[in-house]
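Comments concern the structure below.
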Amino acid sequence: MNRPVITVNGLNLWYGQTQALKNISLDIPEKSITALIGPSGCGKSTFLKTLNRMNDLVPGVRITGSVCYEGQDIFETNVNQLRKEVGMVFQKPNPFPMSIYNNIAYGPRTHGITNRQELDEIVEKALRGAAIWDEVKDRLKKNALGLSGGPQQRLCIARALAVQPKVLLMDEPTSALDPIATSRIEDLVMELKSQYTIVIVTHNMQQAVRISDQTAFFLLGDLVEYAETEKLFSQPGDKRTEEYITGRFG
Amino acid sequence: MKSKTNLFETIVHGIFLVLGLITVGCVLLITIYLIISGIPAIREIGLLDFLFGDTWASTAAQPQYGILPFILTSIYGTAGAILLGVPVGFLTAMYLAKMAPKRAKSVMEQAVSLLAGIPSVVYGLVGMMVLVPGIRSLFHIPDGAGLLAAIVVLAVMILPSIIKMSITALEAVPKEYEDASLALGATPEETYFRVSAPAAKSGIAAAVVLGVGRAIGEAMAVMMVAGNAANMPDSLFQSVRFLTTAVASEMSYSSGLQRQALFSIALVLFLFIMLINAALNFFLKGEKKP
């Protein structure tokens, strides 16, 4: 395993009275793909959203334990800076209702880049990085909502890349897409791993097997098992993991 | 059995149709009545002299019927009200839709609703008693009643519609957009102004147009604070007369061509309102499309 970028220790999270995460500890290694799997409501998305503090926005949320990004407690650092470094791609493609160019330039502009030429370069680089440049280079001024689902999701990935994050969190990024668009995203994610640390929540166990280096299995708020993907799927160490991956529940 | 149900449904259907036609009939009646009674004076005076004549002297020995002062006053007055009211209304809506704590929001929203329910004569009264003397002493002028007072009163009067429609538009912005912006490291405020507001722009534009409609059609409050002399609106403190107040202030004692000319003014006002409605429909349609 590579050196850890994110270290989680004894993380508990409550939504009001309900405990959604129970004493989670795990390390996320740099420049690799970590898959989070488990049945609906197991806490995997909640865990993902804790890593860039998007859970802060939920009313009544309470968190204990520590999450460190590059050795720093994320609850002590500036949240906007954290989210710049730890980008996110959502389940449903959510481009802004503005032009393709402005979608990508939004993040860099937010962080103070106004020079047109510099922005042009960032936009091109981000779109190339997300393997969508060739499709959209002639219609950068067109509304992003005119794209279909797959390209929209790659645009959202490009938008996340444009602020030069170190980590990309992906919350079931292919669950709203057809198989062909899904496989293009998967290819892209595997390419991105050479430069970014990727944490991906997925419902689709085959997807976890295909793309991830290590897999964490969540159940009812517990982290049941965390191991190299190959090992977790071939010789699961916990009976519950085995039951889940062989399809006996979930 | 079946035909009985059908008969019943036909009757119910008929009743609803008749009720619906009453509304349409009223609109048609008013339109036709305005056109019929508005045209003769325009014919007699001449369209250009009527619309662009800069003197209104309906009771002079040599009467003149130029309504340019009223048209310009209505336009300036409305534009001024929009200039003042829209920023205040939009920012209030932004605060209430996105930032306000729950309690503050519910209290302020009720206040906004109340503001909408205050009769216009009360606005006029308060304007007369507070605003007009205030303007007089603030700017050291002999009389505070005039264009500025009317603009301020109108600006306050259009606030509720602007605020309420803008809130609706801002709250309809999908949360996904805002999440995406926050996840890029933007602050909540940046997110609201750079993502939420642009995403709600057609609804906000509709709110502005609605405000224009309210402002241009308001008569009572304006009559009480605008001074009501048929002057060209060449200064903010000028005593002026709006299209609405031109009709209202002379109707009771008018006769002959003068009365017909008042109908023509009403017709002009009606055309303005139609235009504004068309604009409103345009923006509301734009909102439905992605």
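The values are calculated or read from the model by the stated rules, or taken from the named source; none is laboratory data. Predicted model, so just to flag it, every value in this text is computed and none were measured. Because the Cβ atoms are built from the backbone with ideal geometry, glycine has one as well, and the counts that use them run over all protein chains shown. The protein model used for the area step is the full one, side chains on, heavy atoms only, and it has no ligands, DNA or RNA in it. Shrake-Rupley method; radii C 1.70, N 1.55, O 1.52, S 1.80 Å.
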When restricted to A:59, A:4, the only residue within 14 Å of chain B (Cβ to nearest Cβ) and over 20 Å from residue A:241 (Cβ atoms) is A:59
Looking only at residues in segment A:45-70 that are out of contact with any Asp or Glu (no Cβ under 9 Å at 6 or more places or on another chain), part of a loop (DSSP other than H, G, I, E, B) and in contact (Cβ under 8 Å) with a residue 40 or more places away in the chain, which one is farthest from residue A:196 (Cα to Cα)? A:60
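Listed here are the residues, each with its yes/no results for (1) at pLDDT 95 or above; (2) under 27 Å from residue B:263 (Cβ atoms); (3) touching an Asp or Glu at 6+ places or on another chain (Cβ under 8 Å).
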{"position": "B:62", "(1), (2), (3)": "no, yes, no"}
{"position": "B:73", "(1), (2), (3)": "yes, yes, no"}
{"position": "B:76", "(1), (2), (3)": "yes, yes, no"}
{"position": "B:101", "(1), (2), (3)": "no, no, no"}
{"position": "B:123", "(1), (2), (3)": "yes, yes, no"}
{"position": "B:152", "(1), (2), (3)": "yes, no, no"}
{"position": "B:156", "(1), (2), (3)": "yes, no, no"}
Which listed residue is in the same structural domain as residue B:264 (by TED's automatic domain parsing), surrounded by 12 or more Cβ atoms within 10 Å (Cβ to Cβ) and out of contact with any helix residue (DSSP H, G or I) (no Cβ under 7 Å at 6 or more places or on another chain), from B:82, B:30, B:39, B:75: B:75
Could you identify the single residue in B:185, B:203 that is over 22 Å from residue A:155 (Cα atoms) and of a type in the set (Gly, Ala, Ser)? B:203
Being of a type in the set (Val, Ile, Thr) and within 14 Å of chain A (Cβ to nearest Cβ) narrows it down to one of B:163, B:204, so name that one. B:204
Applying the selection to segment A:9-34, what residues are crowded, with 17+ Cβ neighbours inside 10 Å, small (Gly, Ala, Ser) and within 26 Å of residue A:165 (Cα to Cα)? A:32
If we keep just the residues of segment A:35-56 that are within 14 Å of another protein chain (Cβ to nearest Cβ) and open to solvent by 40 Å² or more (accessible area, probe 1.4 Å), which is farthest from residue A:168 (Cα to Cα)? A:56
Which numbered condition trips up residue A:155, out of (1) open to solvent by less than 70 Å² (accessible area, probe 1.4 Å); (2) closer than 20 Å to residue A:44 by Cα? (2)
Among the candidates A:162, A:181, A:131, A:176, single out the residue that is crowded, with 20+ Cβ neighbours inside 10 Å and farther than 13 Å from residue A:34 by Cβ. A:162
Return the residues of segment A:83-101 that are buried (at least 20 other Cβ atoms within 10 Å of the Cβ) and either within 11 Å of chain B (Cβ to nearest Cβ) or within 18 Å of residue A:189 (Cα to Cα) (or both); say none if nothing qualifies. A:83, A:84, A:86, A:87, A:88, A:89, A:90, A:93, A:94, A:95, A:96
The residue that is farthest from residue A:5 (Cα to Cα), considering only those in segment A:62-81 that are open to solvent by 50 Å² or more (accessible area, probe 1.4 Å) and within 14 Å of chain B (Cβ to nearest Cβ), is A:78
Please work out which one of (1) closer than 18 Å to residue A:195 by Cα; (2) open to solvent by less than 50 Å² (accessible area, probe 1.4 Å); (3) within 12 Å of another protein chain (Cβ to nearest Cβ) is the condition residue A:105 fails and give its number. (1)
When restricted to B:144, B:124, B:134, the only residue farther than 30 Å from residue A:59 by Cβ, in a loop (DSSP other than H, G, I, E, B) and open to solvent by less than 50 Å² (accessible area, probe 1.4 Å) is B:144
Looking at (1) within 14 Å of another protein chain (Cβ to nearest Cβ); (2) within 25 Å of residue A:234 (Cβ to Cβ); (3) open to solvent by less than 10 Å² (accessible area, probe 1.4 Å), which is the only condition residue A:168 fails? (2)
The one condition in (1) away from chain B (no Cβ under 11 Å); (2) out of contact with any Leu (no Cβ under 7 Å at 6 or more places or on another chain); (3) in a loop (DSSP other than H, G, I, E, B); (4) not basic (Lys, Arg) that residue A:113 fails to fulfil: (2)
Pull out all pairs, ordered by first then second residue, where Cβ-Cβ is under 9 Å, the residues are six or more apart or on different chains, the first lies in segment B:164-182 and is touching a residue at least 40 places away in the same chain (Cβ under 8 Å) and in a helix (DSSP H, G or I), and the second is surrounded by fewer than 20 Cβ atoms within 10 Å (Cβ to Cβ) and among the acidic types (Asp, Glu). B:164/B:109; B:167/B:109; B:169/B:287
Candidate set from segment B:178-200 (those that are closer than 21 Å to residue B:279 by Cβ and at the interface with another protein chain (Cβ under 9 Å from one of its Cβ atoms)); member that is surrounded by the fewest Cβ atoms within 10 Å (Cβ to Cβ): B:198
